[in-house]
């Protein structure tokens, strides 16, 4: 059984002190964290930066934050994940919810974003996290072209014309039938031939009891559990919940790993 922490929206605006403040004790406990990182963030949302104020709408490359880069490179427990290209959203059109006519550009942006993060952080990037958890079939093809696996919501939401997708669809339907209403994350990695997917629970400040139920279900299935936080939206209550879930994961016998290790 494996347990991984995923934190979204690391970007140019993230000071290393914010990472250390929320995760320093977790690193001290020798628990790794995967940070879904935006290479060229467009600050559409105030939640993408800790100042919480309106910023000029242009791309801010994470490479222009040398303090953050140094901090990450000095911490072997941090894994960098690709979180889109610039996190763009306009008129409810999401970056990786693109249509087929945009496939070429999305492939180029995916490759460019991945290579940018690999160069500045000196890490191999193998995991993709869709911004807003929106991933169209075009988005799937774009990440597959870069050889990336996917961390996303509680289950698969795509269907491509492949036999493995038919198998995955049946598994998802069965999972939802067994768990009507709120369903726990699908507890195993799914292999879609050209990429693999693992599924996550979102950390909030008001959902500790649900997280406990989800973790207990995954433990019974001897599966994998991924919890998702957002560095710029953490508060004392959500951090408390995270520590509670970590303690329970220890009691169940989970091993703590980097997100990429889920797919091994």
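We did not get these values from a lab; they are worked out from the coordinates using the rules stated. Fair warning: this is a prediction, and the values are worked out from it, not measured in the lab. Cβ coordinates were reconstructed from backbone atoms using ideal geometry, including for glycine residues, and neighbour counts include every protein chain displayed.
Once the C-beta distance of residue 252 and residue 77 is scaled by a Förster radius of 22 Å, the resulting FRET efficiency is 0.55 to the nearest 0.05.
For the chain, the antiparallel share of DSSP beta bridges with both residues in that region comes to about 20%. Counting other Cβ atoms within 10 Å as a rough exposure proxy, the listed residues 71, 60 run 71, 60 from fewest neighbours to most. Take the Cα of residue 183, go 7 Å toward its beta carbon, and the backbone nitrogen atoms of the stretch 213-237 under 20 Å from that spot belong to 213-228.
Once the Cα-Cα distance is subtracted from the 0.36 nm per residue extended length, the residue 45 to residue 261 segment shows a gain of 74.7 nm. With each label modelled as a point 7 angstrom along the Cα→C-beta vector, the residue 132-residue 30 pair spans 4.2 nm. A straight line joining the Cα centroids of the stretch 199-264 and the stretch 99-151 runs 25 Å.
Over the stretch 2-263, Cα pairs under 8 Å with separation of 6+ residues give a relative contact order of 24 percent. Inter-label distance, residue 92 to residue 161: 3.0 nm, where each label sits 7 Å from its Cα along the C-beta direction.
If the chain linking residue 56 and residue 212 were pulled fully straight, counting 0.36 nm for each residue of separation and taking away their Cα-Cα distance, it would gain 52.1 nm. Matching the structure-derived mean projected area of the Cα convex hull in nm² against the labelled list (i) 13.6; (ii) 14.5; (iii) 15.5 gives the label (i). A Gaussian network model of the chain, with springs between Cα atoms under 10 Å, assigns the largest mean-square fluctuation among 82, 148, 160 to 160. Quick one: if the Förster radius is 45 Å, what FRET efficiency do residue 233 and residue 173 give, using the C-beta to C-beta distance and rounding to 0.05? That gives a FRET efficiency of 0.90.
Panel order for 94, 252, by other beta carbons found within 10 Å of each beta carbon, from fewest to most: 252, 94. Stretched out straight at 0.36 nm per residue, the stretch from residue 100 to residue 205 would grow longer than its current Cα-Cα span by 34.0 nm.
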